Structure formats: C-alpha cells, structure tokens
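Asks: Mind looking over this structure? Questions follow.
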Amino acid sequence: MDTVSEGTPFSREAREEDDGRYAGGNVILWIAAIAVLIGLNFASWSFCMWVFGQPEHPMNYRLLTKLEKLDPIAGVSPVSAPRGKFYSAKDLYAQVYPFNPIQLKAYNGILKRYYLKNYLERSDVTYLSGEFRVISVQEMGPDDVYSSGLVIRGQSTTFPDAILDLALPTPDVPENFMLSPGQIIRVEEPAMCAAVLNVDRLQDSTMIFTAVPLISKTSGANPVPKEHHFSDSAVITVSPPEIIQIDPERWPISSDKEGVEVKPVSLSETPAENGGAEDEEKPAE
C-alpha cells in the first residue's frame with residue numbers, strides 16, 4: 001500500500017491547517033453571535049426603559065395598563081395633595097408663550113407623565129387657579145379623555161387670551177348642573193388643586209389650558225368623595241377613573257374648538273344643538 005506523502009490533502013500538515021481554519025471560523029461566528037445577543041439585550045433594555053419612563057405615549061400607556069404595570073390614577077385629599085405652584089392664567093400664559101411647537105409638545109408630555117404616575121415623588125405640580133367666565137358646559141363620553149363627566153370651558157376674567165377646559169370626571173353625572181353663559185366660576189387653590197394636563201395654542205395665540213381637580217376625597221380618618229360647588233345649581237362629585245385615553249386628537253377635551261364665543265349652556269344639549277335650535281326658531285323671511 002502506498003504511503004501517504006506529506007504533500008497530499010491527507011497528510012498531518014494538511015489536517016492541522018484545516019483544523020486551524022475551522023477553529024478560526026468558529027471564533028468569528030461566536031463573536032458575531034455574542035455581539036448580536038448583546039445588541040438585542042441592549043435594545044430590549046432600552047425599549048423597556050422608554051416604555052416605563054414615558055407612559056404618556058398612547059402605545060406605552062396601553063401596554064402598561066394592559067400588563068397592569070402602572071398604578072391606577074388616584075384622587076387625593078387636601079392634606080395629601082402633591083406640592084406644586086399655583087399659577088394665574090396670565091402667569092401660566094407668559095411661561096408657556098415662548099415655547100415653539102416642539103417645546104410645547106414636550107411640555108405637554110411631561111404634564112401628562114407626572115399625572116399618570118400620580119405625581120410620585122414630585123413637588124413641582126403645575127396648578128391653575130383664578131376666576132373664569134363660563135362659555136360652555138359639555139358632557140364627556142367614550143370618545144373623550146375621560147369617558148364620563150363634565151367639562152366646563154371658561155375664559156379668564158383677567159386675561160382673555162387664556163381659556164380653561166376644566167375636566168370634571170365622575171361616573172355619576174348629576175342630572176342638574178346648570179351654569180349660565182357669562183357666569184363667573186372660581187377655581188380654588190387648595191380646595192380643588194386643578195392640575196394642568198395640556199396646553200393648546202390656537203392660531204390667534206389664544207391658549208387653552210386643560211386642567212383636572214386632583215382633590216376628590218375629604219380629609220380625615222374616613223374620607224368620602226368630595227363635592228365641588230360652582231353654584232347652588234352646579235354641584236358635582238369628582239372621581240377620576242383608573243384609566244384614561246390620552247391620544248393627541250382627544251385634546252383639548254371640549255368640542256368648542258375656538259372657545260371664545262359665548263354659547264347657550266345646557267347639560268342636555270350640546271352647543272351645536274343649541275345653535276340648531278336657534279336657527280329653527282327664526283321665522284322664515
């Protein structure tokens with residue numbers, strides 16, 4: 001039998017060269033696989049940080065609430081309300097006015113983020129207070145930020161370019177809640193703690209501030225739902241739902257887009273229906 005020469009593919013030298021190539025190839029594959037796993041791990045970690053850190057994004061909020069990874073929205077009593085600063089309509093307008101669209105969007109995101117996290121370990125809540133002239137009262141429904149309750153739109157009595165959408169979420173909408181157009185309501189500081197959730201700038205530089213009372217419980221050992229009195233015929237018990245809808249198209253809450261024209265106020269009729277009724281009452285010419 002012929003011996004295997006050193007120059008053939010079956011020689012010891014040839015086999016050692018092949019083993020070296022295979023070993024080198026395996027190392028490269030392992031390095032590539034480890035790099036891919038590290039990249040996936042980093043991407044997963046970054047995604048989780050983004051989801052948990054920014055619940056104000058609709059997709060993140062839906063995911064967190066579905067997985068029950070976000071505490072439900074909870075009301076507070078006057079003594080347990082988070083600390084913050086109370087702004088008049090003029091002062092808040094002056095603070096937000098210099099913001100460009102990108103800055104305003106980021107600012108709104110921060111306002112919602114703190115609210116959705118129940119202002120955990122926060123002491124810089126933005127509150128709005130003052131007197132406002134009623135423009136309209138509307139009932140909120142399934143397509144709104146809050147699925148049940150009322151929203152009062154009012155214009156600041158001291159700074160007309162500031163409009164307030166005061167959301168009053170409650171599962172039990174009062175049968176009688178009447179505020180006359182032009183009637184003055186006061187958003188009290190400690191009794192209501194109306195936290196600002198969103199700011200919209202209209203084309204004429206008018207700003208709409210959406211706020212919601214944080215106070216929904218009385219103080220004491222046995223707290224009960226707190227009633228907010230706007231007049232003798234306008235009393236409501238605010239109770240925030242555990243989950244809201246934060247999609248951008250739902251803000252501002254009131255469907256009265258311009259918010260500067262005084263319209264008839266009726267809980268049983270929307271502003272559009274009021275306008276239609278007035279048109280029907282006009283005699284034919």
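The values are calculated or read from the model by the stated rules, or taken from the named source; none is laboratory data. What you see is a predicted model, and the numbers here were worked out from it, not measured in a lab. All Cβ positions, even for glycine, are placed from backbone atoms using ideal geometry, and neighbour counts span all protein chains on display.
Asks: With the condition being modelled with pLDDT of 95 or more, within 18 Å of the chain's Cα centre (by Cα) and closer than 18 Å to I244 by Cα, I'd like the strands (runs of 3 or more DSSP E) fully within the range 88-194 carrying at least 2 qualifying residues.
Replies: 149-156, 162-169
Asks: Taking only the range 51-87 into account, find how many residues are within 20 Å of I246 (Cβ to Cβ) and part of a loop (DSSP other than H, G, I, E, B).
Replies: The total comes to 14.
Asks: Can you pull out every residue in the range 74-110 that is within 23 Å of H228 (Cα to Cα) and of a type in the set (A, V, I, L, M, F, W, C)?
Replies: A74, V76, V79, A81, F86, A89 - these are the residues of the range 74-110 that are within 23 Å of H228 (Cα to Cα) and of a type in the set (A, V, I, L, M, F, W, C).
Asks: Another one. Quick check on my filter: what residues within the range 120-137 are without any contact (Cβ under 8 Å) to a residue 60 or more places away in the chain and either in contact with an Asp or Glu (Cβ under 7 Å, 6 or more places away or on another chain) or crowded, with 19+ Cβ neighbours inside 10 Å (or both)?
Replies: Within the range 120-137, G130, F132 qualify.
Asks: Turning to a different aspect of this structure: Since S219 meets every condition but one in (1) touching a helix residue (DSSP H, G or I) at 6+ places or on another chain (Cβ under 6 Å); (2) at pLDDT 95 or above, which condition does it not meet?
Replies: (2)
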